[in-house]
Amino acid sequence: MSKGKDQHVTPHKDGGWQVKGAGNSRATIRTPTQAEAIIIARDISRNQESELVIHRSNGQIRDKDSHGHDSCPPKG
């Protein structure tokens, strides 16, 4: 179970990209590129031990990265 809010990288309505915590009405930060937003969101999700969710420009989920304690860790 994650500790902090999941961080979403989504397109911003006025152009560029935003990092937004799950359930938040306002963006944490806006950036001109998706790559910049991913770097910032990854740092936040690592600090909060939460999930990083990266969206495509059409809003579809492109990728997820868990920085919390996975409920089903891989066997190794």
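Sparsely packed loop sites in the range 31-62 (the trypsin sites (Lys or Arg not before Pro) outside DSSP H, G, I, E and B with at most 16 other Cβ atoms within 10 Å) comprise R56. Ordering 3-15, 19-31 by mean Cβ neighbour count within 10 Å, with the highest value first, yields 3-15, 19-31. When the Kirkwood radius is taken over all Cα pairs of the range 7-60, what Stokes-Einstein diffusion coefficient follows at 20 °C and 1.002 mPa s, in µm²/s? After rounding, the answer is 199 µm²/s. Please work out whether the range 32-71 counts as rounded, prolate or oblate from its C-alpha gyration tensor, where a ≥ b ≥ c are the square roots of the eigenvalues and a/c under 1.5 means rounded, while otherwise a/b larger than b/c means prolate and anything else oblate? Cα axes put the range 32-71 in the oblate bin.
Readers should treat all values here as calculations from the given coordinates under stated rules, not as data from a laboratory. This one's a predicted model, so the numbers in the text were calculated from it and none came from an experiment. Glycine gets a Cβ as well: all are built from the backbone with ideal geometry, and neighbour counts include every protein chain shown.
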